[in-house]
There are 2 protein chains.
Amino acid sequence: MDTPVCCICKTREAFFFRQYSGERLCKKCFTESIEAKVRSTITRYHMLNFNDHLAIAVSGGKDSLSLLYILAKLKRSRPKTHLTAVTVDEGIKGYRNEALEIASSNCKKLEIPHHIVSFKELYGFTLDEMIFKARKGGQTELTACAYCGVLRRKAINHGARDVKATKIATAHTLDDEVQTVLMNILRGDIARLAKEKPVTSEVHPLFVQKIKPFCEIPEKESALYAYVKKIDFQDTPCPYASGALRNDVRGMINRMEEKHAGTKFTVFKALERLRPALEETAKKEDFKVCAECGEPSALDLCKACELLRHVR
Amino acid sequence: MDTPVCCICKTREAFFFRQYSGERLCKKCFTESIEAKVRSTITRYHMLNFNDHLAIAVSGGKDSLSLLYILAKLKRSRPKTHLTAVTVDEGIKGYRNEALEIASSNCKKLEIPHHIVSFKELYGFTLDEMIFKARKGGQTELTACAYCGVLRRKAINHGARDVKATKIATAHTLDDEVQTVLMNILRGDIARLAKEKPVTSEVHPLFVQKIKPFCEIPEKESALYAYVKKIDFQDTPCPYASGALRNDVRGMINRMEEKHAGTKFTVFKALERLRPALEETAKKEDFKVCAECGEPSALDLCKACELLRHVR
């Protein structure tokens, strides 16, 4: 049998079969297709103004580093766009240090400034300390991910404001988006379902707007991009990782995608069509000021400060 | 340890723990709670007029027979309500005959007229014959369920019109409803998502309106009702049963329900809140007349007649 040839350049050897489109691609045409897709996502959702200063949330994993590389490349043709990588140091021993080094060395290579925000500085405790204290205090209901999710989001917003960024880019992939849709449905959380979108609505001047340039890139392809581009990324999973529901949902969607290629895009597009209606149904949020930290919050005490009270 | 006591009557022994409500119930209070719930569902969704003639779709399985018993009981206090059981005989050797006998004997016991509609009479072929012919003709894409689903729905509507019923009651449970919600999302089918509801909108005078009095009853409890009431039902699964996607979705929702009791109700209620918006998003259907059978159809040829063309 002949070696299959890339269906785009028709010369180089194909190494990847994209099931949902039927394309066989060589490495070069594959990485170019990812970069083109990200550019078209950015255009379609009006993600970037020519003079934006983007804070890229970089964890050190494959998705965020692939995003960093692609945005660095994009920047070359946009002289007024500024990029800063922002990494949150939650303080997880034996895990985050390695990720920080990897993130830093990638930033250095790409000549992108790197800003680190730490839980310890921001909240007075590392995540390890919080979990230890919470468990000691008898708090068993909340997982580490419950703390980390809320506190990371707040930390990234702080980091973006520190560097005076106009927007935050996160590396949420198509898979993340579709999983979140289903999880929100299983939780009956219509407000969150309405909020999950490629560009967050401007809700408060203190919340830096977020964009998701990878929202149309399957996770598998974002990983493949990192491999092909030989990007050095952290491969170890977080020691606290749990996310039982997300794992269930991921497994189901992946099985479904295997049987019916294109399912992930189908769900993503269905949500797009539904969103205007969802936004009408979901109540508009009214912002108060958190009594503890002074940040905007839907409640008198923001979720982050509420969690920190458990710890103290 | 003491034997747990029913939390309602506080005298009889509890035999069932309803996780989502925290109740421990005896057999009598359990069956009464199911009957009360069905009555409240019927009231809440305005399912019945005092003088309706209800065609109950009875397959011979646990859900439809539990529904038959509960509606028969309800009828005692509604002298102007009429009931007829309608069973579709698809013509599945070694399966449907047993179900027909079971359905008939239950109807006799309850003194409810029993009307049978057969694929053979209606379409000229039994399901067995259709599948044999379709496979012989090289049709491999469509499963038996794809044929049966469409043709059964049409047959039940015919059966209901035969007996001049004003409404059709089906035994879709909370589980069926929630699975269908998720399946429609995975298929990106917003129109169907909007249509899935406890009482179908009146879309065409030739379509008998459908009601789902079990839409708030978990499948487990509908089965338990049949056991406790010692209802004789068919237990064998259909030899054609496939439904890979539904099985995946069922498994995921059941795991989720185990971890977070009440998930099924949560999804059901989220859909309720979303429905007005969904209906706005989904296009209104325009009905034509099917060129083959003369029944109302969204297309020039209705889905049933299209499938039958494959067979002929």
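Would you compute, from DSSP H runs of 4+ residues alone, the mean residue ellipticity of chain A at 222 nm, taking -39500 (n - 2.57) per run and dividing by the full residue count, rounded to the nearest 500? Write down the numbers at each step before the final one.
On the way: 12 runs with 154 residues, N = 312.
Calculated at 222 nm, the ellipticity per residue is -15500 deg cm²/dmol.
Copy-to-copy spacing for residue A:111, label 7 Å out on the Cα-to-C-beta vector, in nm, shortest first?
Those label-point separations list as 9.3 nm.
Tell me, how many Å apart are the Cα centres for the stretch A:109-185 and for the stretch A:1-70?
After rounding, the separation between the Cα centres reads 27 Å.
Full-extension gain between residue B:206 and residue B:312, please, as 0.36 nm times their residue separation minus the C-alpha to C-alpha distance. Don't jump to the answer; show the numbers that get you there.
Numbers: separation 106, 0.36 × 106 = 38.16 nm, distance 2.59 nm.
Length gained, residue B:206 through residue B:312: 35.6 nm.
With a cut-off of 8 Å between alpha carbons and a minimum separation of six or more residues, what is the relative contact order of chain A in percent? Kindly include the intermediate steps, with their values, before the conclusion.
Values: 468 pairs, mean separation 61.3, N = 312.
Relative contact order of chain A: 20 percent.
A 29 angstrom limit on the alpha carbon distance is what I want to check against. Which of A:230/B:259; A:259/B:167; B:73/B:197; A:136/A:220; A:154/A:197; A:164/A:303 exceed it?
Pairs exceeding the cut-off: A:230/B:259; A:259/B:167; A:136/A:220.
Mind putting a number on the dipole of chain B about its Cα centre? Charges go on the C-beta only, +1 for Lys and Arg and -1 for Asp and Glu, and I need it in Debye to the nearest 20.
Values: 52 positive and 40 negative charges, 119 e Å.
Approximately 560 debye in magnitude.
Could you give each residue of the stretch B:185-201 its phi-based ³J(HN,Hα) in whole Hz, using Karplus coefficients 6.51, -1.76, 1.60 with θ = phi - 60°, and x for Gly or Pro?
Taking θ as phi minus 60°, the curve returns 5, 5, 8, x, 9, 5, 4, 5, 4, 5, 7, 5, 8, x, 10, 5, 5 Hz for the stretch B:185-201.
Quick one: with label points 7 Å out along Cα→Cβ, list the inter-copy distances for residue B:22 in nm, shortest first?
5.7
Residue of A with Cβ nearest the axis relating A to B, plus distance in whole Å?
Closest Cβ to the A-to-B rotation axis, residue and whole-Å distance: A:277, 2.
Could you work out the Kirkwood radius for the stretch A:123-203, taking every pair of different alpha carbons, averaging 1/r and inverting it, reported in Å? List each step's numbers first, then the result.
Working: mean 1/r = 0.0662 Å⁻¹.
It is 15.1 Å.
Between copies, how far apart are the residue B:142 label points? List them in nm, one decimal, shortest first, with each point 7 Å from Cα toward Cβ, please?
5.5
Under 19 Å from the Cα of residue A:28, which aspartates and glutamates turn up, not counting those fewer than eight places away in the same chain?
Here the aspartates and glutamates satisfying the reach criterion relative to residue A:28 are A:13, A:63, A:219, A:221, A:232.
Could you list the GluC sites (Glu not before Pro) in the stretch A:171-276 that lie in coil according to DSSP, counting only those with at most 14 other Cβ atoms within 10 Å of their Cβ? Don't skip to the end; give the middle numbers.
Values: sites: A:177, A:196, A:202, A:216, A:219, A:221, A:257, A:258, A:272; in loops: A:196, A:202, A:216.
Those that pass, being in a loop and sparsely packed, are A:202.
Order of A:231, A:168, A:112 from fewest to most other C-beta atoms within 10 Å?
A:231, A:112, A:168
Given the convex hull over the Cα atoms of the stretch B:34-281, what projected area results after averaging over all orientations, in nm²? Numbers along the way, then the final one.
Working: hull surface 55.3 nm².
Average of the hull's projected areas for the stretch B:34-281 equals 13.8 nm².
To make sure I understand, if each residue's beta carbon is the centre and we count other beta carbons within 10 Å, what order do A:46, A:172 fall in, fewest to most? Present the calculation step by step, with values, prior to reporting the outcome.
On the way: A:46 10, A:172 24.
So the ranking, lowest neighbour count to highest, is A:46, A:172.
So for the protein assembly as shown, what percent of the C-alpha to C-alpha distances run longer than 39 Å? Could the numbers behind the result be given before it?
Numbers: 83895 of 194376 pairs.
Of all Cα-Cα distances in the protein assembly as shown, 43 percent exceed 39 Å.
Read-outs: derived from the displayed coordinates by stated rules, not from any lab. Predicted, not measured: the structure shown is a model, and the values here were computed from it. A quick note on method: Cβ atoms are made from the backbone with ideal geometry, for glycine too, and the neighbour counts reach across all protein chains shown.
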